[in-house]
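The values are calculated or read from the model by the stated rules, or taken from the named source; none is laboratory data. All values reported here derive from a predicted model rather than from experimental measurement. As a convention, Cβ positions derive from the backbone with ideal geometry for all residues, glycine included, and neighbour counts pool all protein chains shown.
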There are 2 protein chains.
Amino acid sequence: MTNNLSQTPADVFAAVAHPKRRQILDCLSEGDLTVKHLSAQFADVSRPAISQHLAILLDAGLVTRHRTGRENRYHLEAEALQEIEHWLQHYRQFWNHKLDDLGQYLQRKHGDAT
Amino acid sequence: MTNNLSQTPADVFAAVAHPKRRQILDCLSEGDLTVKHLSAQFADVSRPAISQHLAILLDAGLVTRHRTGRENRYHLEAEALQEIEHWLQHYRQFWNHKLDDLGQYLQRKHGDAT
């Protein structure tokens, strides 16, 4: 039986929801890697699990795979993260307002002191 | 049997992975709401499902619940999204570089034309 609350389509938000997949993206942000080299950086994750995480990242368009000689290398497609960037845009106003309020408070406090 | 690839701790990234939970946050960004009023905005989601989504958002610190009279109202805690904002910071360099490259290209092109 599937749990509809945790089941999400293979999109960018779902892809970065798992901490290991965020770690994989972090590794690939340093440069392209094979599954072998990527797996070497995860002592606690099996190579098949890394491959499954990569499949989810591929589906979401967050990585691409390129064949170089006999090897497949995975490449970060960071632009796909802009979907999250755009979604966050609406919420930035909330903490920006709070920063503005703090700035005004400090300015008033500074004004009183001089 | 649980699927370790989709199972994630109740954190901010996992909480916003589901499109309905992002929609709930969008609704709450307009103002505090009861489950009843929130459910009225989702024709395709049952009220128990909305409550379960809210429980996940509460766990992640993305919403808080306040009792007003006989009603519980849910309030957006947008600051919790700054965890995602900070994580994205590292990746912005990739699309900013591309924008810089485009800017330089256009500048060169404009320079040639004049």
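Looking only at residues in region A:62-114 that are in contact with a His (Cβ under 8 Å, 6 or more places away or on another chain) and within 14 Å of chain B (Cβ to nearest Cβ), the one that is nearest to A:LYS20 (Cα to Cα) is A:VAL63.
Results for (1) on the phi < 0 side of the Ramachandran plot; (2) surrounded by 17 or more Cβ atoms within 10 Å (Cβ to Cβ); (3) touching a residue at least 40 places away in the same chain (Cβ under 8 Å); (4) among the charged types (D, E, K, R), shown as yes or no for each residue.
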{"site": "B:SER29", "(1), (2), (3), (4)": "yes, no, yes, no"}
{"site": "B:LYS36", "(1), (2), (3), (4)": "yes, no, no, yes"}
{"site": "B:ALA43", "(1), (2), (3), (4)": "yes, no, no, no"}
{"site": "B:ALA55", "(1), (2), (3), (4)": "yes, no, no, no"}
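Here B:GLN82 passes the criteria (1) more than 18 Å from the chain's Cα centre (by Cα); (2) surrounded by 15 or more Cβ atoms within 10 Å (Cβ to Cβ); (3) modelled with pLDDT under 95 except the one numbered (1). Scanning for something at the interface with chain B (Cβ under 10 Å from one of its Cβ atoms) and assigned to a helix (DSSP H, G or I), does region A:34-44 turn up at least one residue? No, region A:34-44 contains no residue that is at the interface with chain B (Cβ under 10 Å from one of its Cβ atoms) and assigned to a helix (DSSP H, G or I).
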